[in-house]
Amino acid sequence: MKKLFFALLCISVVSLNAQTKEELQAQKAEKQAIADAAQGEANALQAQIDALPGWRKGAFGTIGGSLSNFNNWYSQGAPNNASGNIGFTVNAFANLIEDKFFWRNSLTTNLNWVKLDNKDNPADDDSFNPTTDVFNISSLYGRNIAKNLAVSGLAEYRTTLLDNFNDPGYLDVGVGATWTPIANLIVVVHPLNYNFVFADGDSVFESSLGAKIVADYTRQIGAVNFKTNLSAFQSYKSGDYSNWTWSNSFGYTLWKMIGVGFDFGLRSNKQEALNYSINTLGNTGETFDSVDNDLQSYYTFGLSYKF
């Protein structure tokens, strides 16, 4: 009799727990449905807010770094050394969108430092030295002539900050049209553009007239922030003076404003390749026809912070 009573008690407890679990799951599903409906309404309201005239501002970036120190680590060539790698990127924008005109401003920078200090060699360099060095700022103004088309003027400046500031430096100034086929995508086509190139001393860099093409897509989807930008200049004087840069930034928020980020960029610039060959490698007989214009690239991976 006692065994039968104990068995019935166990069955009752299991049934009670199962019923309680089902009830909790039902309550959770009900609450989740309410939350989903509320989030949908919030998204719709945010879309209406984004469509209103006025300023849109934002920024996000990536921070990556590592530090290490070795003492008497005999298995490596330099058993006593200290090394480090520090880098960060910042992508910021401030856009004024009105019914009849727009003014879009953006800033992109990617800076990185590296050091390797061999403690057994007092003559080596123990400081952090710049490696990745990218700086780009642009301002685009346009007057709307149709729903997705505007007459526009662009000023874009790009250079390095840590090493050889404004040597070279590039300033594009031009006019043409801007097309916005979908939200967050901007396509700039300026057939009348002058590419000013600044450089110190006797160099291979030369300014020229040409066409400017820019395509930019910046968007936030939930916890994901990303930006891709292609900036190209086609010289009317010579293809040797043409150049293009494609930069990309991705950030995923894991907790509050902190997450992980990945940035990479590609560039082709024959003037920079020739200048490097002559002034850095010492190939004084190098010309535009003989220089290897290898594809330039960089990437940074690390923690990200959404401003």
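Annotation note: of G210, G174, G265, the sole residue that is assigned to a strand (DSSP E or B), in contact with a strand residue (DSSP E or B) (Cβ under 8 Å, 6 or more places away or on another chain) and either modelled with pLDDT under 95 or of a type in the set (F, W, Y) (or both) is G265. Confirm whether D172 is of a type in the set (D, E, K, R) and buried (at least 17 other Cβ atoms within 10 Å of the Cβ). So D172 passes the test.
Does N105 meet the test of being out of contact with any Lys or Arg (no Cβ under 6 Å at 6 or more places or on another chain), surrounded by 14 or more Cβ atoms within 10 Å (Cβ to Cβ), assigned to a strand (DSSP E or B) and at pLDDT 90 or above? Yes: the conditions hold for N105. I49 passes every criterion in (1) part of a strand (DSSP E or B); (2) out of contact with any Asp or Glu (no Cβ under 7 Å at 6 or more places or on another chain) apart from (1).
Please verify whether the range 269-282 includes one or more residues that are in a strand (DSSP E or B) and of a type in the set (V, I, T). There is no residue in the range 269-282 that is in a strand (DSSP E or B) and of a type in the set (V, I, T). Does K212 meet the test of being out of contact with any Pro (no Cβ under 6 Å at 6 or more places or on another chain), touching a residue at least 12 places away in the same chain (Cβ under 8 Å) and buried (at least 17 other Cβ atoms within 10 Å of the Cβ)? Against the criterion (out of contact with any Pro (no Cβ under 6 Å at 6 or more places or on another chain), touching a residue at least 12 places away in the same chain (Cβ under 8 Å) and buried (at least 17 other Cβ atoms within 10 Å of the Cβ)), K212 qualifies.
Any residue at all in the range 61-72 that is over 27 Å from the mean Cα position of the chain (by Cα), β-branched (V, I, T) and modelled with pLDDT under 85? Checking the range 61-72: not a single residue is over 27 Å from the mean Cα position of the chain (by Cα), β-branched (V, I, T) and modelled with pLDDT under 85. Within the range 114-169, the set of residues being of a type in the set (K, R), over 30 Å from N81 (Cα atoms) and surrounded by fewer than 17 Cβ atoms within 10 Å (Cβ to Cβ) comprises R143, K147. Cβ-Cβ distances below 8 Å connect the following pairs, each with a first residue in the range 123-147 that is more than 24 Å from S106 (Cβ to Cβ), a second residue that is of a type in the set (G, A, S) and surrounded by 12 or more Cβ atoms within 10 Å (Cβ to Cβ), and a separation of six or more residues or different chains: D126/A82; F128/G84.
The values are calculated or read from the model by the stated rules, or taken from the named source; none is laboratory data. These numbers come from a predicted model, not from an experiment. For neighbour counting, all protein chains shown are included, and Cβ atoms are generated from backbone atoms with ideal geometry for every residue, glycine included.
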